[in-house]
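J.: The structure that follows is given in the form of structure tokens.
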Amino acid sequence: MRTYGCQMNVYDSARMADVLGPLGYAAVDTPEAADMVLINTCHIREHASAKTFSELGRLKQIKQQKDGDYIIAVAGCVAQAEGEEILARAPYVDIVLGPQTYHRLPEMVARAERGAAQKKLRADIGLNKPAARIAGMGILDTDFPVEAKFDFLPAPTDAQGVTAFLSIQEGCDKFCTFCVVPYTRGAEYSRPVQQIVTEAEQLVALGVRELTLLGQNVNAYHGDGPDGDAWTLAQLAYRLAAIPGLERLRYTTSHPRDMDDALIAAHGDLPQLMPFLHLPVQSGSDTILAAMNRQHSADHYRRIIDKLRAARPDLCLSTDLIVGFPGESDADFAATMQLVRDVTFPAAFSFKYSGRPGTPAATMAGQVPEDVKDARLAELNALLLEQLTAFNRSLVGQTVPVLFEKAGRHAGQMVGRSPYLQPVHVLGEADLIGRVRLVDIEQDHSFSLSGRLVAEPVPDLSSPAMRMTA
Ligand code: SAH
Ligand code: SF4
Ligand code: F3S
């Protein structure tokens, strides 16, 4: 399984693995060693999308070497957007499935296996020319079914670590004019509260200590609650924070429009909610924000940040920014730079606008030349790097809680993450894994930090409670 794109695809791949396990499939390290390969694709920008076809070209060769005995499945957002085209351009692909139908994967795989077996038999008894053997059955399932796939998925069996993603909301009704997500993921859907709580508890039982709640518009969450009302993300966060053993809670990605006061207040109330928030702004120019159909102004964004910082003064912000959206003038771009200076984003993703087929912005007047986009991106990235560097340096000399995840590359080294997602290295033992410990940060290494564990207070063995546990 190869996964491209956002965290939701990472989550989807994990769930597809859960679905495939009972069929006898398990992960291998290379496509050559596999009987089946599934690529989970991303359509968000042209560059992401193009990877699908180059990857398929490589897989075709492996399939030929294996005499056709090789199932190729294409899942995710390119599959959804260009399913027919994939089967036409790459007829050796066996299965094309969209993000909303992966609960039906067992049925599709069974059909592909049957199809491959029949082809082989026909070839063995001389009914087929060898070249025809690489042609698959071409199963295409890119429906937006009425049933929710989540109702049909097995419980997670392997959490693969201390931190996990959990999809709680999917799809988008916002229709930003540059974005394919409303077309590839479909309409907004929120999973019921109880289903999410159950999955969260299962993950915690598997050793997970940190959950990142996922949704394309995660703070528009409005799932059915146990009381019959639709619950907000804030309500869900309080409920999940009550799960014993769950140390940390995050959510991504939010839309500024849906950042309500209750959720902002939860950041002040809930110690589990990490002081790090990814809140895409896209642009600092109101003209461009309107053309993007973002439904918020730059000032609205600034006001939300002020409220968030009032609730949680140590909050660190991350964002997404697009340069070179159609019609973006030098003044519009300057407004983006100003907003970045005003808010400061120690983490950010910056993109050159990429015209996507079928989206309104792709045919707007005023498409920005590539060299202008390049220059603006370079200028923006320089500022973002400055902010990242300054933030990391500001942590040196501070004491931060770190959730330890795994052994580091060097002997005796353990790695965890700060509340702000930076990797933090310390010298320590393997029993740190899954625990939150305070670390005195000593050094900044640009993209990671290192420090020393703060000694834990020695338990007072004279107290009756401690004698019981000791
Ligand atoms: N609401 C989702 C959007 C996923 S896309 C989320 O925020 O996670 C992630 C980011 O990709 C967007 O925030 C946007 O900055 C960028 N993006 C989306 N479409 C794009 C396009 N056509 N060109 C350039 N960047 C784009
Ligand atoms: Fe795309 Fe906008 Fe929806 Fe985010 S809110 S997924 S950018 S349409
Ligand atoms: Fe890409 Fe689809 Fe995610 S287009 S960013 S994989 S929602």
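J.: Tilt of helix 77-89 relative to the longest C-alpha principal axis of the chain, in degrees (0 to 90, nearest 10)?
T.: The two axes meet at around 20 degrees.
J.: Next question, about the same structure. If Lys and Arg each add +1 and Asp and Glu each add -1, what is the summed charge of the other residues whose beta carbon sits under 13 Å from the beta carbon of Phe175?
T.: Residues near Phe175 contribute +3 overall.
J.: Suppose every K and R has +1 on its Cβ and every D and E has -1 on its Cβ; what is the size of the dipole of the chain about the Cα centre, in Debye to the nearest 20?
T.: 880 debye
J.: Just want to confirm a number: the relative contact order over the range 396-466, from Cα pairs under 8 angstrom separated by 6+ residues, in percent.
T.: 30 percent
J.: Mind putting together the pair-distance distribution for the range 2-141? All Cα pairs, 10 Å bins, whole percent per bin, short to long.
T.: Histogramming the range 2-141 at 10 Å steps yields 12, 45, 35, 7, 1 percent.
J.: Please tell me the relative contact order of the chain in percent, rounded to the nearest whole number, where contacts are Cα pairs under 8 Å and at least six residues apart.
T.: 10 percent
J.: For the full complex of protein chains and a 1.4 angstrom probe, list Cys6, Cys42 by accessible area with the highest value first.
T.: Solvent-accessible surface, decreasing: Cys6, Cys42.
J.: Debye calculation, C-alpha points only, no solvent: report log10 I(q)/I(0) for the range 396-466 at q = 0.18, 0.23 Å⁻¹, in the same order as the q values.
T.: Treating every Cα as an identical point scatterer, log10 I(q)/I(0) equals -0.63, -0.93.
J.: Mind jotting down the distance between the C-alpha centroids of the range 51-112 and the range 356-426, whole Å?
T.: Centre-to-centre (Cα) distance: 32 Å.
J.: First measure r as the distance between the Cβ atoms of Glu46 and Gln7, then evaluate 1/(1 + (r/R0)^6) with R0 = 30 Å and state the FRET efficiency to the nearest 0.05.
T.: Calculated value: 0.90.
J.: Among 390-397, 81-88, what's the highest-first ranking by average C-beta atoms within 10 angstrom per residue?
T.: 81-88, 390-397
J.: If you don't mind, there's one more thing I want to ask. Which Cys in the chain stand alone, with every other cysteine's Cβ at 4.7 Å or more from theirs?
T.: Taking the Cβ cut-off of 4.7 Å, the unpaired cysteines of the chain are Cys6, Cys42, Cys77, Cys172, Cys316.
J.: Sorted by accessible area (1.4 Å probe), largest first, how do Phe351, Phe144 line up?
T.: Phe144, Phe351
J.: Could you check the spin-label model distance between Phe175 and Glu113? Points 7 Å from the Cα along Cα→Cβ, value in nm.
T.: It works out to 4.3 nm between the two label points.
J.: Counting only pairs 8 or more residues apart or on different chains, how many lysine pairs in the range 2-141 have their Cα atoms under 18 Å apart?
T.: For the range 2-141, the number of qualifying lysine pairs is 12.
J.: Here's a follow-up. Tell me which aspartates and glutamates have Cα within less than 13 Å of Lys307's Cα, excluding those fewer than 8 residues away on the same chain?
T.: Asp260, Asp261, Asp299
J.: Looking only at the range 151-394, where both bridge partners belong to it, what percent of the DSSP beta bridges are antiparallel (to the nearest 5)?
T.: About 15 percent, rounded to the nearest 5.
J.: Also: For the chain, give the share of DSSP beta bridges that are antiparallel, in percent and rounded to the nearest 5; count only bridges with both residues there.
T.: Beta bridges within the chain, antiparallel portion: roughly 40 percent.
J.: Something else: Order the peptides 313-324, 279-290, 220-231 from the highest to the lowest mean number of other Cβ atoms within 10 Å of their residues.
T.: Descending packing order for the listed peptides: 279-290, 313-324, 220-231.
J.: Calculate how large, on average over all directions, the projected area of the Cα convex hull of the chain is; give the answer in nm² to one decimal.
T.: Seen from a random direction, the Cα hull of the chain projects 26.1 nm² on average.
J.: Moving on to the next point. Using the alpha-carbon atoms, what tilt in degrees (0 to 90, nearest 10) does helix 330-343 show relative to the longest principal axis of the chain?
T.: Helix 330-343 sits roughly 50 degrees off the main axis of the chain.
J.: Which value, in debye to the nearest 20, gives the size of the charge dipole of the range 2-141 about its Cα centre, when Lys and Arg are +1 and Asp and Glu are -1 at the Cβ?
T.: 360 debye
The values are calculated or read from the model by the stated rules, or taken from the named source; none is laboratory data. These figures come from a predicted structure and were not determined experimentally. For neighbour counting, all protein chains shown are included, and Cβ atoms are generated from backbone atoms with ideal geometry for every residue, glycine included. Note: areas computed on protein heavy atoms with side chains; ligands, DNA, RNA excluded. Shrake-Rupley method; radii C 1.70, N 1.55, O 1.52, S 1.80 Å.
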